[in-house]
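Please read the structure below before turning to the comments.
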Amino acid sequence: MSSLPCIAITSGEPAGIGLDVCVKLAFQALPAGLVVLADIAALHTRAAQLGLSLKTYAFAERPQAHTGDGRLCVLDVHVPAPVVAGTLNAKNSAYVLNMLDIAREGCQTGRFDAMVTAPVHKGIINDAGIAFTGHTEYLAETTHTPQVVMMLTGGGMRVALATTHIPLTQVSSAITQASLTSTLHILHHDLIHKFGIEKPRIYVAGLNPHAGENGYLGDEEIKTINPVLNALRSEGMDLVGALPADTLFSQKNLAQADAFLAMYHDQGLTVLKHASFGEGVNVTLGLPITRTSVDHGTALDIAGSGNADIGSLLSAIHLAIEIAHKQTNSQTPKHA
Ligand SMILES: NC(=O)c1ccc[n+]([C@@H]2O[C@H](COP(=O)([O-])OP(=O)(O)OC[C@H]3O[C@@H](n4cnc5c(N)ncnc54)[C@H](O)[C@@H]3O)[C@@H](O)[C@H]2O)c1
Ligand SMILES: N[C@H](C(=O)O)[C@H](O)COP(=O)(O)O
């Protein structure tokens, strides 16, 4: 990597606010070269709709430093059907995934140092006949990574998830001793290597009310979670729990935890997004590439209105830059 990381930004679902926040990015200085993947005509149309004077230049090998002077470096990806802000069209779903594939391949070949994703709409991709539950699972599958971990940062906390985009009825059976062990290994490893935390302390939630109340309110803590925590403690991991989820995120614990592990999506993300929505970052741990993302969805209700906040995208880019630098430093041979 040159001293200026090259970050690919996928603009996401074209009917959503991904294009809005990418246009707004042209007016923000950042310490990186940025390449926005989007249909260039759709990007200009959205800029005009927002009343912003956007200039673009085509991506060659490395983008120039992103100075916030109203220009964007764009890798043009053709969108097949007309783009209407706020109105989904399943004919454009393959385009959304195509941008992800180009960014992911670019990270794998070293063309890009990291990818940052603007939001996609899971439903419309499925409507197009493509099974899709999220970027996290899609990038795991397309990089042939058996397990990854979703973690969000924001509001002074990091919250990782033991399960991601599955129905609530499947959560209990999806948490096995093997999956939880692997999740904690990935989380522990990436807190050290991507976040520079020497000895991470991880607070782990139970699954049931009051962490199962000694088995009277559910036995996943006794049968699955606590045996895993005990085994990993004997490997040297600093783990606290399994704790009742309702008091897990107390101010006292926030001050002491490097990360929390929640058992399912809304157990953890409700708390984090309450504290930081609009500034948070979603990062996929365990991937062979660096990927961060916004904390919000496609917000079809405000697409094209000018009301989309760019805060989370900026935070996601800053974290991608930070991780890209850390990865480079850890790969640089130390000379005596
Ligand atoms: N990273 C991602 O790809 C990602 C993340 C979350 C949700 N989603 C997807 O987005 C779609 C819509 O999800 P949702 O409705 O649950 O959540 P949403 O985040 O799109 O919207 C929730 C509310 O927050 C507002 N909002 C969202 N982002 C905003 C921003 N940047 N500035 C100002 N207001 C903003 C919206 O207007 C809406 O009122 C779903 O398909 C969901 O799966 C994708
Ligand atoms: N669970 C994420 C969130 O609430 O922000 C979101 O659905 C995006 O997930 P992917 O990064 O897997 O698309």
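The values are calculated or read from the model by the stated rules, or taken from the named source; none is laboratory data. As the structure is a computational prediction, the values presented were derived from the model and not from experiment. All Cβ positions, even for glycine, are placed from backbone atoms using ideal geometry, and neighbour counts span all protein chains on display. Areas reflect the complete protein model, heavy atoms only, side chains present, ligands, DNA and RNA absent. Shrake-Rupley method; radii C 1.70, N 1.55, O 1.52, S 1.80 Å.
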With springs connecting C-alpha atoms under 10 Å apart, model the chain as a Gaussian network and identify which of Leu217, Leu243, Leu34 has the largest mean-square fluctuation.
Leu217
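If you put +1 on each Lys and Arg Cβ and -1 on each Asp and Glu Cβ, how big is the dipole of segment 228-336 around its Cα centre, in Debye rounded to 20? Write down the numbers at each step before the final one.
Working: 6 positive and 10 negative charges, 76 e Å.
My answer is approximately 360 debye.
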How much of the accessible area of segment 157-251, in percent, comes from carbon and sulfur atoms when a 1.4 Å probe is used?
54 percent
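Beyond 34 Å, what share of the Cα-Cα pairs of the chain remains, rounded to the nearest whole percent?
26 percent
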Out of the DSSP beta bridges found with both residues in the chain, what percent are antiparallel (nearest 5)?
35 percent
In segment 230-335, which trypsin sites (Lys or Arg not before Pro) are in a loop and have at most 15 other Cβ atoms within 10 Å, using DSSP for the loop call?
Lys334
Too long at a 23 Å Cα-Cα cut-off: which of Lys199/Lys223; Lys91/Lys122; Lys199/Lys326?
Lys199/Lys223
Return one number: the angle in degrees, 0 to 90 and rounded to the nearest 10, between the long axis of the Cα atoms of helix 40-50 and the longest principal axis of the Cα atoms of the chain.
90 degrees
For the chain, accessible area per residue (1.4 Å probe, heavy atoms of protein chains only), Å²
42 Å²
Relative contact order (percent) for the chain, with alpha-carbon contacts under 8 angstrom and 6 or more residues of separation?
23 percent
For segment 204-218, in order, what is each residue's ³J(HN,Hα) by Karplus, 6.51 cos²θ - 1.76 cosθ + 1.60 with θ = phi - 60°, in whole Hz (x at glycine and Pro)?
10, 7, x, 9, 9, x, 6, 6, x, 6, 6, x, 7, 10, x
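May I ask you to give the percent of accessible area on segment 45-99 that is carbon plus sulfur, with a probe radius of 1.4 Å?
Here carbon and sulfur together make up 55 percent of the probe-accessible area.
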Can you give the relative contact order of segment 1-157 as a percent, counting alpha carbon pairs under 8 Å and 6+ residues apart?
28 percent
What does the charge add up to near Ile302, with Lys and Arg as +1, Asp and Glu as -1, over the other residues with Cβ less than 12 Å from its Cβ?
-3
Given the candidates Ser173, Thr56, Gly280, the one whose Cα lies deepest towards the positive end of the charge dipole of the chain, counting +1 at each Lys or Arg C-beta and -1 at each Asp or Glu C-beta, is Thr56
Looking only at lysines whose Cα falls under 21 Å of Lys55's and that sit 8 or more positions away or on another chain, we get Lys24
On Cα atoms only, tilt of 265-276 relative to the major axis of the chain in degrees:
60 degrees
Restricting to segment 99-245, what percent of DSSP beta bridges are antiparallel, rounded to 5?
45 percent
For the chain, modelled as a GNM with alpha-carbon contacts under 10 angstrom, which of Asn226, Asn214, Asn126 fluctuates the most?
Asn214
